[in-house]
Structures are given as C-alpha cells and as structure tokens.
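Contents: one structure, followed by commentary.
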Amino acid sequence: MTITPTLVPVQYNRHNLKTRFLEELEKRILIYDGGFGTQILARQHLLSDADYLGNPQRGPHEILGTTRPELLEEIHAGYLAVGADVLDRKSTR
C-alpha cells in the first residue's frame, strides 16, 4: 500500500519557515513525528548489509538516504498519514 500524503508547498527559506511555524503554533497544537531510528530498526528485515555499504553493524542510518531513499520516504509518509504536522530529523541533538 502506497501512502500519498498531502504536502503544502512552502517557499523555502529558513526565516519564512520559522514564521510559518510560529503562526501555526499560535493557532493550534502541532504534532511532531515519532522515533525515526525506531522505525528504521523495525524495518531491518527489509534491509541488507549492502544498504549500509557493506557495514555488517548496519550503521550509520544516514547512509540510507543515499541507498534506500524510498524507505525513508515511506516512514515520513506514514507519520503524515497518521496526523503529524512536523517532520523532524536529529531531534536528539
């Protein structure tokens, strides 16, 4: 099953995004996505060492953006489908 989320076009510049984010936040509670690494680990059965460029320890996950972008898109689309307003990466930094 392919999930196709509705995306809102945004003129990209960081100042515009910050302003838009704050405007939306004044109107309502915004829902963030969930654990991205957890979702990757839940899909390890779909991945191989080759997806990690031969690393048998299967890391770092960031390499999947190059080797398996469709998997990352699927995770993002899943969060949007269940109502996330904000997709974030590296939330632990």
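We did not get these values from a lab; they are worked out from the coordinates using the rules stated. Worth saying up front: this structure is predicted, and the values here are computed from it rather than measured.
Phi-derived couplings, Karplus 6.51 cos²θ - 1.76 cosθ + 1.60 at θ = phi - 60°, listed residue by residue for the stretch 34-41: x, x, 6, x, 4, 5, 5, 5 Hz, with x used for Gly and Pro. The 3J(HN,Hα) values that the Karplus relation (6.51, -1.76, 1.60; θ = phi - 60°) gives for the stretch 74-84 are, in residue order, 4, 5, 4, 4, x, 5, 5, 4, 9, x, 5 Hz. Gly and Pro appear as x. Backbone phi angles across the stretch 57-63, fed through the Karplus curve with coefficients 6.51, -1.76 and 1.60 (θ = phi - 60°), yield HN-Hα couplings of 7, 6, x, x, 5, 4, 5 Hz in residue order; Gly and Pro are listed as x.
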